[in-house]
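Participant: I'd like to ask some things about the structure below.
The values are calculated or read from the model by the stated rules, or taken from the named source; none is laboratory data. Quick caveat: nothing in here was measured; it's all calculated off a predicted structure. Heads up, the Cβs are rebuilt from the backbone with ideal geometry, glycines too, and the neighbour counts pull from every protein chain shown. We work out accessible area using only protein heavy atoms, side chains counted, and drop any ligands, DNA or RNA first. Shrake-Rupley method; radii C 1.70, N 1.55, O 1.52, S 1.80 Å.
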Amino acid sequence: MLHATLKQLSDGLATGKFSSAEVTKYFINRINNLNNSLNSFISLDADKSLAQARAADALRAAGKAQTLTGVPLAQKDIFCAQGWLTTCGSKMLSNFVSPYDAHVIERFNAAGAVNLGKTNMDEFAMGSSNETSFYGPVRNPWDRERVPGGSSGGSAAAVAARLAPAATGTDTGGSIRQPAALTGICGLKPTYGLVSRYGMIAFASSLDQGGPMARTAEDLGLMLNVMAGFDARDSTSLQRTPEDYGRNLAQPLAGLRIGLPKEFFAAGASADVIKAIEGAVAEYKKLGCEIVDVSLPNMALSVPVYYVLAPAEASSNLSRFDGVRYGYRAKDYGNLAEMYEKTRAEGFGAEVKRRILIGAYVLSHGYYDAYYLRAQKLRRLIAQDFVEAFKQCDVIMGPTTPSTAFKIGEKSGDPVQMYLSDIYTIAVNLAGLPGMSIPCGFDSNGLPVGLQIIGDYFSEARMLNVAHQYQLATDWHTQAPKNIREAAS
Ligand code: GLN
């Protein structure tokens with residue numbers, strides 16, 4: 001069961017090889033044995049998980065099972081789940097038990113999936129290393145002195161260490177793809193609007209998108225089939241005919257045009273990363289793909305544009321945490337204004353405060369035109385670059401991250417260095433496009449490298465096909481960290 005994929009677990013449950021209660025107990029046991037050293041989960045509730053598992057077994061016995069019925073999954077702690085502590089990695093929500101389910105959680109519940117627990121993350125999803133979490137850093141299972149990436153680092157580490165067969169994440173500027181790359185798993189950020197943001201605690205609403213993290217492209221498709229769908233409670237949710245994202249998996253890749261943006265290879269990725277990406281491109285050529293040189297001339301602007309727009313939206317979104325409605329409230333205060341001030345001073349961590357200050361500044365009367373408005377215009381140009389590129393190719397490929405997993409503490413004192421870890425992922429969010437990361441090799445320290453695949457709007461089924469065919473031909477995605485066997489049974 002240790003290395004079983006979602007697909008294999010789903011098949012095993014369908015044929016009665018094991019029950020959901022057995023599978024769920026197996027993963028709870030692994031979490032109990034390994035979570036102390038990884039810090040992947042913020043909250044666990046074995047009784048709740050097992051109750052869901054038994055309900056799933058009953059559904060199956062009644063002939064009402066769906067593909068993911070009885071399969072246990074970990075949920076990023078940004079998704080509100082009824083009756084579960086939902087902290088978003090912040091002291092501000094450290095006492096918040098959600099009274100309702102996010103759309104994504106509702107969908108998994110309706111599919112009969114089991115919630116194994118809520119995973120650790122950067123505070124309010126602001127970060128690339130999981131070090132900004134109020135609950136402490138998550139450790140990378142490949143090397144526990146290193147970060148797993150962020151902000152969905154708890155989900156990534158849990159899947160890589162086989163504490164959960166798959167998990168959810170959210171991606172505002174790379175938070176699904178970057179941690180997937182750094183922990184050697186797969187992650188998909190869908191086209192903006194495909195997955196409802198209802199009940200997903202807001203960071204930068206025009207960029208935030210939930211998506212699946214798993215060990216194979218096929219499993220990502222199974223999860224996306226559940227996660228995607230129209231929801232009237234999210235005003236940017238798209239009304240589309242439901243599709244099976246796994247429908248194209250078997251399609252051969254001959255004739256596929258892969259665009260390699262020259263800016264992706266000039267932007268200072270490490271030699272080991274470039275070597276692994278070149279190896280992947282060579283493999284795709286063997287599969288019959290055609291390589292096309294493309295250009296994204298405005299890509300270099302994506303980090304500065306993002307760090308104007310995302311903080312602007314965050315400063316507005318986070319104004320709701322005022323000590324009145326929910327969450328943390330300071331103990332001693334003389335009047336209402338002081339209560340707000342102390343609550344926010346004590347409840348938010350340093351990175352969140354930095355973003356709120358930057359956001360309030362770029363939105364302020366004297367600076368709005370110079371920063372916010374200008375960044376909005378550049379955002380359009382960045383999106384336009386992709387429109388041009390997709391006239392010449394079917395998918396774009398490149399590195400997910402400039403380096404492999406860095407050491408805990410290595411970049412936490414230097415925000416600009418930290419922000420640059422998202423140089424390859426951010427443009428995709430600004431454009432609203434789908435992007436994914438799959439493992440494609442290791443560096444000289446044995447740390448995983450991620451290959452980024454970017455598709456045109458709504459091309460998720462095609463992208464999963466592109467990833468799946470590579471995974472049939474290679475075995476990078478089956479590699480596991482060496483020291484995760486402690487609790488294998
Ligand atoms: N690392 C980026 C940031 O700090 C992206 C985070 C995310 O995608 N949630 O904002």
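Participant: About its Cα centre, how strong a charge dipole does the stretch 220-346 have in debye, to the nearest 20, once Lys and Arg get +1 and Asp and Glu get -1 at the Cβ?
Facilitator: Working: 14 positive and 16 negative charges, 33 e Å.
So the dipole magnitude of the stretch 220-346 works out to roughly 160 debye.
Participant: Then there is this: Given a 1.4 angstrom probe, what's the average accessible area per residue across the stretch 422-489, in square angstrom?
Facilitator: I get 31 Å² per residue for the stretch 422-489.
Participant: If you count only protein heavy atoms with a 1.4 Å probe, what accessible area per residue comes out for the stretch 37-140, rounded to a whole Å²? Please report the intermediate quantities before stating the final value.
Facilitator: Details: 3180 Å² over 104 residues.
Using a 1.4 Å probe on heavy atoms only, each residue of the stretch 37-140 averages 31 Å².
Participant: Specify the inter-centroid distance of the stretch 329-362 and the stretch 196-221, based on alpha-carbon positions, in whole Å.
Facilitator: Using only Cα atoms, the two centres lie 28 Å from each other.
Participant: Still on this structure, I have one more. What is the magnitude of the charge dipole of the chain about its Cα centre, with +1 placed on the Cβ of each Lys and Arg, -1 on the Cβ of each Asp and Glu, and no other charges, expressed in debye to the nearest 20?
Facilitator: Details: 47 positive and 46 negative charges, 109 e Å.
That gives a dipole near 520 debye.
Participant: Tell me the carbon and sulfur percent of the accessible area for the chain, rounded to whole percent, probe radius 1.4 Å. List each step's numbers first, then the result.
Facilitator: Values: 9290 of 17720 Å².
For the chain, the apolar C and S fraction of the accessible surface comes to 52 percent.
Participant: Just report the Cα centroid separation between the stretch 410-460 and the stretch 24-96, whole Å.
Facilitator: That distance is 27 Å.
Participant: Another one. If R₀ is 22 angstrom, what is the calculated FRET efficiency for the pair Glu338 and Ser94, using the beta carbon separation as r and rounding to 0.05?
Facilitator: On the way: r = 21 Å, r/R0 = 0.96.
The pair Glu338/Ser94 has a calculated efficiency of 0.55.
Participant: With a probe of 1.4 Å, find how much accessible area the stretch 157-279 has per residue, and write the answer as a whole number in Å².
Facilitator: Details: 3440 Å² over 123 residues.
Dividing the accessible area of the stretch 157-279 by its residue count gives 28 Å².
Participant: A follow-up question, please. In deg cm²/dmol and to the nearest 500, what is the mean residue ellipticity at 222 nm of the chain if only DSSP H runs of at least 4 residues count, each as -39500 (n - 2.57), divided by the residue total?
Facilitator: Numbers: 16 runs with 181 residues, N = 489.
One gets -11500 deg cm²/dmol as the mean residue ellipticity at 222 nm.
Participant: Work from the charge dipole of the chain (Cβ charges, +1 for Lys and Arg, -1 for Asp and Glu, about the Cα centre) and give the residue of Pro99, Asn130, Gly153 farthest towards its positive end.
Facilitator: Checked the options; the winner is Pro99.
Participant: Another question, then. Put +1 on the Cβ of every Lys and Arg and -1 on every Asp and Glu Cβ in the chain; which of Ile176, Ala405, Ser40 then has its Cα farthest towards the positive end of the dipole?
Facilitator: Ser40
Participant: Please report the antiparallel percentage of DSSP beta bridges with both residues in the chain, rounded to the nearest 5.
Facilitator: Values: 28 of 41 bridges.
Approximately 70 percent, going by the DSSP bridge assignments.
Participant: Counting other C-beta atoms within 10 Å, and keeping those with at most 13, which DSSP coil GluC sites (Glu not before Pro) do you find in the stretch 251-288?
Facilitator: On the way: sites: Glu263, Glu278, Glu283; in loops: none.
Passing sites in the stretch 251-288 do not exist.
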